[in-house]
1. Quick one: which of 74/125; 40/165; 142/203; 74/165 span more than 19 angstrom between C-alpha atoms?
2. Fewest Cβ neighbours within 10 Å first, please rank 140, 98 accordingly.
Amino acid sequence: MKTIVRISFILVAVHFTLATKPLLAQHHTIQLIDHVEWPKDRSDPGDSACYVEFRESWTFSTRGTLSKEVQSYKFSCSGESIPPADGITRITDINYEFMLLDPHAIETGNTGFSEPDSMDAPTRKLQTCLIELAQKYIRFDKDYNPEEQLLSIYFHEEWEVNPEKEVIRKKVRAITPVIWQRRQTAEGQGINDADTGLPVYYKNPLHRIQLRQP
């Protein structure tokens, strides 16, 4: 059964120099903010859900790799540091969805887009990088338009956590592109949620793509 998804806006961010033409197989680095839920099994008992705001540098290479360098982080829960652990811990099962319909430019001040299903220019450039990365491994179905429909992506990552040095290192092992299809009336008009006024989509995760490692 297809899932109806209602979009609400949260903060995540991206900043980089804009190009006047689409990116064409070039090495590209993006500075951004990403919000990820901290694994519940790594939190202290009784803690509510914790989210980590990562300030990161993402590098897309010409050979089809994506590396993430964590420059700083901040927990949005009771603790202000990495939850306790015995020595360096490797977490191998991090899976989360990165939403391109959230505001992504650092300079936006984490405010929403002017239209509920729009993107700003920096986010559109980030989408281009992600599409090009996926296209190094797969060919999108002819019925899909990734520029209009690739609106989120699942990251499958491995994290190395060093509580003593308060450092987190990430490895992006795989990605899963997600195609969004706007729910429409018989006349082709987009349907919005009656309560929020936000667009309603069907989501179609594609096959998981194992990435080459940097």
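Throughout, read-outs are computed from the coordinates displayed, never taken from laboratory work. Predicted model only: the values in this text are computed from it and were never measured. Every residue, glycine among them, receives a Cβ derived from its backbone with ideal geometry; neighbour counts consider all protein chains shown.
1. Values: 74/125 26 Å; 40/165 22 Å; 142/203 17 Å; 74/165 14 Å.
Going by Cα-Cα distance, 74/125; 40/165 fall outside the 19 Å limit.
2. Working: 140 16, 98 19.
Fewest to most other Cβ atoms nearby, the residues stand as 140, 98.
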